[in-house]
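Step one of this worksheet: look at the structure below.
Bear in mind that the values in this text are calculations on the coordinates, not laboratory data. Everything numeric in this text was worked out from a predicted model, so none of it was measured. FYI the Cβ positions are ideal-geometry reconstructions off the backbone, even for glycines, and counts take in every protein chain you see.
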Amino acid sequence: MRITVRVLPGKIEKRVNVSNDITYESLVTQLKINPEEVLVLKEGKSVPIDDKVEEGEITILRVISGG
Amino acid sequence: MDGRAKELSATKLATGHNLDDEAQTILMNYLKGDMEKLRRSDGEHGFIKRIKPLREVLEREVALYGLLEGLIDTSECPYAEQSLRWNVRKMLNEFESNHPGTKYALVRGYEKIGRFLPMGRTLSTCERCGGGCTGKICKACELIEMIRSK
């Protein structure tokens, strides 16, 4: 399955090939991002990180606050 | 914040520190060997008593709540990458990923030993703004100066 992932903040858009039974957690890890530091949104709504990835608009929101 | 709280005759000052903030502060001060500063993060004489209602809540969960309530701001602090805190945050998140519960354990462990640490220096008055501080100039005035000099 070929999906497009937006990473915020930063307006980064990545196209990745993933297997059909991958979880959001594996997807985030595959992009070299620590799952601890993000929320994953599907069509703008938060999804559990251990759910299986479905096709659609996926956003990885880095929830990092200042120093 | 302390000045405003006193104006309002507040008896407590609630801050938004979450579990990540607390675990980072503890580990940072361990790494610097600064036990006095660590102790001061619990509050000091002369300042209004601080309370931290979100102390046991992960930053990610605070963010999730913010997202659901439409409160979230996705911009990042431009100074975040310069700080030791940034490195400690990365390190702690890697630990949390591989060993869930690390952040909570750090905070719990500190609660057991914190009260045995000395309070250290007494509070003085900031030369610029007159607020309470531990050095000559308070952190707020120090940061304002840093931003202006850029």
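Couple of notes before you dig in:
- Mean projected area in nm² (Cα convex hull; one quarter of hull surface) for chain B: 10.7
- Mean shadow area of the range B:83-150, taken as a quarter of the surface of its Cα convex hull (nm²): 6.8
- Links that overshoot a 26 Å alpha carbon limit, given the list A:Lys14/B:Lys103; B:Lys32/B:Lys112; B:Lys6/B:Lys112; B:Lys37/B:Lys103; B:Lys49/B:Lys112; A:Lys11/A:Lys42: A:Lys14/B:Lys103; B:Lys6/B:Lys112
- Largest-first principal axis extents, alpha carbons of the protein assembly as shown, Å: 62, 38, 32
- Vicinal HN-Hα couplings computed from phi for the range B:57-65 (Karplus, 6.51 cos²θ - 1.76 cosθ + 1.60; Hz; Gly/Pro x): 10, 4, 4, 4, 6, 5, 5, 4, 4
- Summarised as an ellipsoid, chain A has semi-axes of 18, 12, 11 Å, derived from the eigenvalues of the Cα gyration tensor scaled by 5 and square-rooted, with the largest first.
- Among beta bridges from DSSP that stay inside the protein assembly as shown, the antiparallel ones total about 70%.
- For chain B, a Gaussian network of Cα nodes joined below 10 Å ranks B:Asn29, B:Asn87, B:Asn98 by mean-square fluctuation, and the top entry is B:Asn98.
- Fewest-first sequence of B:Ile26, A:Ile49 by Cβ atoms within 10 Å of each Cβ: A:Ile49, B:Ile26
- Fewest-first ranking of B:His17, B:His99, using other Cβ atoms within 10 Å as the exposure measure: B:His99, B:His17
- Rounded to 10°, Cα long-axis angle of helix B:139-148 versus longest principal axis of chain B: 80
- Inter-part distance, the range B:8-64 to the range B:128-150, computed on C-alpha centroids, equals 20 Å.
- Note: relative contact order over chain B, using C-alpha pairs below 8 Å and six or more positions apart, is 27 percent.
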